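The values are calculated or read from the model by the stated rules, or taken from the named source; none is laboratory data. In this text, all values refer to a predicted model and were calculated from it rather than measured experimentally. Glycine gets a Cβ as well: all are built from the backbone with ideal geometry, and neighbour counts include every protein chain shown. Calculation scope for accessible area: heavy atoms of the full protein, side chains included, ligands and nucleic acids excluded. Shrake-Rupley method; radii C 1.70, N 1.55, O 1.52, S 1.80 Å.
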Amino acid sequence: MPERRTVALVTLGCARNEVDSEELAGRLAADGWELVENAQDADVAVVNTCGFVEAAKKDSVDALLEANDLKDHGKTQAVVAVGCMAERYGKELAEALPEADGVLGFDDYADISDRLQTILSGGSVEAHTPRDRRKLLPLSPVERQQAAAGVALPGHGAAEAPAAPENVPSDLPEGLAPASGPRAPLRRRLDTSPVASVKLASGCDRRCSFCAIPSFRGSFVSRRPSDVLGETRWLAEQGVKEVMLVSENNTSYGKDLGDIRLLETLLPELAAVDGIERVRVSYLQPAEMRPGLIDVLTSTEKVAPYFDLSFQHSAPDVLRAMRRFGDTDRFLELLETIRSKAPQAGARSNFIVGFPGETEADFAELERFITHARLDAIGVFGYSDEDGTEAATYEHKLDQEVVDERLAHLSRLAEELTAQRAEERIGETLEVLVESIDEEDGVIGRAAHQAPETDGQVVLTTDSAASLYLAPGRMVMAKVVGTEGVDLVAECLFEEAGR
């Protein structure tokens, strides 16, 4: 009997990393590894790192060091770094952090089982050598799909064909052999949440001057609609009720498949998957929003009217320096168009303050936009140089004290404005997906305007008898009766029973 091997996956960063971890879990499970939840119970702890900003990198290093400590007083024998930070820094990370027994890049994912077995057996695996992944595929998007077959694209895991039925005669006439059924994705769920992310694409063709992601995630590559549909059906069979489509830029979906409007076609098909109650689209670029996509997002049953718009700033001069487009008035017009079609639509965004050359007038313009935008959730970040980005070479850097002051000021304003926006929803009737029930927190769910972990939640109030009808994964109608910051308090309306 083969030796029992256990592995735990520790995931940091965004929802895209969560998908990548579940693909790694699928590959490892298929090769006989037993997946365990806690690193202290595993032979190998695999830390899926984030390499986006300095704070995320620090969290990744801390997680690797914490896992390494388990080698002294736990079962853990090896700690391995994967993910964006490992891909971005490779050998540099391995030299700076000898506590990691391996630093593996995306190209190692297909052979992850062999790599971990080598490390667990006391062998060494050469640390990943970083390279600019934008150069691995043709410049023209329409030429990429065929070439992409030879490039590692985490989260695009090739589907595995199911085993052929047993006791089937080998001499059946052509066309009469029984179908083997749908192909299961190369993925293993790591939790039982009724929500799961699905990769729509990987990489990005935009060249924002502050962002290093395209250099280590590569050029934009869409997944084929059949793969996205197949994975969504598989997730529904696992009990998932809401799928969130993720990528670096969902508004570009289909451009390398010959149809930039492919998302508008795909969304109704995903919403029609049996068992799926909500489809959410994240990571939308304002400059690429088109009327047809807005129409589908605001009028398709089971598609959340949710707009995760990457504004980043609203002062024209700062946006141009960022290699982005737009201004306050155009952004407000976009939001007005969305709300004219779906008044309850959710909208969120992130912003960078203290960008090189940002003047007091620019900062005031950003304040003007945020004050009038009525966003449900706002993330604010202070600018910092990122290795290899154009902005790192810019002159006119602001003093750190100025950056910190503007960050604190805008963060306070954002907190106040999002709380006000939540209060505007008092009296609204919302469809809420129940996510958890426990004695301490009660019944917690999310409405269509709230994405997992980033946009607040709904605290559902109900009497003890009615609570018997609630369970994670159930959709219920609820009326908003109060707020707690960005969170909503709502009463269940069982006379309008949900699904």
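You will find that of 415, 367, the residue that is at pLDDT 95 or above, open to solvent by 30 Å² or more (accessible area, probe 1.4 Å), in contact with a strand residue (DSSP E or B) (Cβ under 9 Å, 6 or more places away or on another chain) and assigned to a helix (DSSP H, G or I) is 415 and no other. Return the residue satisfying two criteria in turn: it lies in region 97-131 and is open to solvent by 50 Å² or more (accessible area, probe 1.4 Å) and touching a residue at least 40 places away in the same chain (Cβ under 8 Å), and of such residues it is farthest from residue 198 (Cα to Cα). Result: 117. Residue 152 meets the conditions (1) hydrophobic (A, V, I, L, M, F, W, C); (2) out of contact with any Gly (no Cβ under 7 Å at 6 or more places or on another chain); (3) at pLDDT below 85 in every case but one. The failed one is (3).
Specify which of the listed residues (189, 206) is among the charged types (D, E, K, R), modelled with pLDDT under 95 and over 16 Å from the mean Cα position of the chain (by Cα).
Numbers: 189 fails: over 16 Å from the mean Cα position of the chain (by Cα).
After applying the criteria, what remains is 206.
Let's see how each residue does on (1) in contact with an Asp or Glu (Cβ under 6 Å, 6 or more places away or on another chain); (2) among the β-branched types (Val, Ile, Thr); (3) surrounded by 23 or more Cβ atoms within 10 Å (Cβ to Cβ); (4) assigned to a loop (DSSP other than H, G, I, E, B):
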{"residue": "206", "(1), (2), (3), (4)": "no, no, no, yes"}
{"residue": "209", "(1), (2), (3), (4)": "yes, no, no, yes"}
{"residue": "216", "(1), (2), (3), (4)": "yes, no, yes, no"}
{"residue": "245", "(1), (2), (3), (4)": "no, no, yes, no"}
{"residue": "248", "(1), (2), (3), (4)": "no, no, yes, yes"}
{"residue": "251", "(1), (2), (3), (4)": "yes, yes, no, no"}
{"residue": "258", "(1), (2), (3), (4)": "no, no, no, yes"}
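When the residues of region 262-290 are filtered to those that are more than 17 Å from the chain's Cα centre (by Cα) and not in a helix (DSSP H, G or I), the one that is surrounded by the fewest Cβ atoms within 10 Å (Cβ to Cβ) is 274.
Only one of 395, 358, 386 is assigned to a loop (DSSP other than H, G, I, E, B), under 27 Å from residue 216 (Cα atoms) and open to solvent by less than 50 Å² (accessible area, probe 1.4 Å). Can you tell me which?
Details: 395 fails: open to solvent by less than 50 Å² (accessible area, probe 1.4 Å); 358 fails: under 27 Å from residue 216 (Cα atoms).
Criteria check complete, one pass: 386.
Restricting attention to region 107-132, report how many residues are farther than 22 Å from residue 43 by Cα and assigned to a helix (DSSP H, G or I). Qualifying residue count, region 107-132: 1.
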